[in-house]
């Protein structure tokens, strides 16, 4: 009986060892087997890889990017931005005694464009911006002498501006499927608007007309949420602007100011969210 038990135990061990070896071989063969793809899938994947620079360039660093916007595609959409600043939320404004003020800005900008090359878009956009500011109370005292005290209350500002721009948007695709991309939008923009002040219920006859032309830069990120719809977010990082402001009292111009400035910094008041249709 003990001999039979030993034979049975040996056969059992050999069976377990053979089963384990067979399972390992099957798993290795499955892992090593390449995924079969059709010629159409391979051609589509190859078409989505963009070589930078193109073949024949003097310097080739082996940089590749992926297709996000094919050539000939039409884009249409809009961006929206909203910002609000309150004296209670600002550490700097709290340094001014008795300051009660708030300001809000709303901007909407529809746009359309056409891709003239892979990941390269030329287009135009229009924008409407409304800014409202209100100073309920402010009291500023210079030194210890009460004779140098400045007090202001019930002051309102209304600003409306309109803008048109030509833009170039360059995308950098981040994945083979074309779902994610980074981009930079360069704009050549012309804007004009009007500022009006009022004290309480009285609107002043004096107002300011503004005109501005400039080149600005707006990097951002785009994400496709559907086959033909993408969401994007961008932030302004400044640019070069030439502005002209004229102050009127009724129909008579009483002041003028022209200035040119170049600022390159992160502008938290120029954060925009938008949606794009890929037609």
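Taken over region 181-217, the residue count meeting the criterion of being over 15 Å from residue 129 (Cβ atoms) and at pLDDT 90 or above is 10.
Of 233, 222, all but one fail to be closer than 21 Å to residue 125 by Cα, touching a strand residue (DSSP E or B) at 6+ places or on another chain (Cβ under 6 Å), touching a residue at least 40 places away in the same chain (Cβ under 8 Å) and surrounded by fewer than 16 Cβ atoms within 10 Å (Cβ to Cβ); the exception is 233.
When each of 250, 255, 239 is tested for being assigned by TED's automatic domain parsing to the domain that holds residue 160, without any contact (Cβ under 8 Å) to a residue 12 or more places away in the chain, in contact with a strand residue (DSSP E or B) (Cβ under 6 Å, 6 or more places away or on another chain) and under 23 Å from residue 160 (Cα atoms), the lone residue that passes is 255.
The values are calculated or read from the model by the stated rules, or taken from the named source; none is laboratory data. None of the values given here were measured: they were computed from a predicted structure. Every residue, glycine as well, gets a Cβ built from its backbone with ideal geometry; the counts of neighbours run over all protein chains shown.
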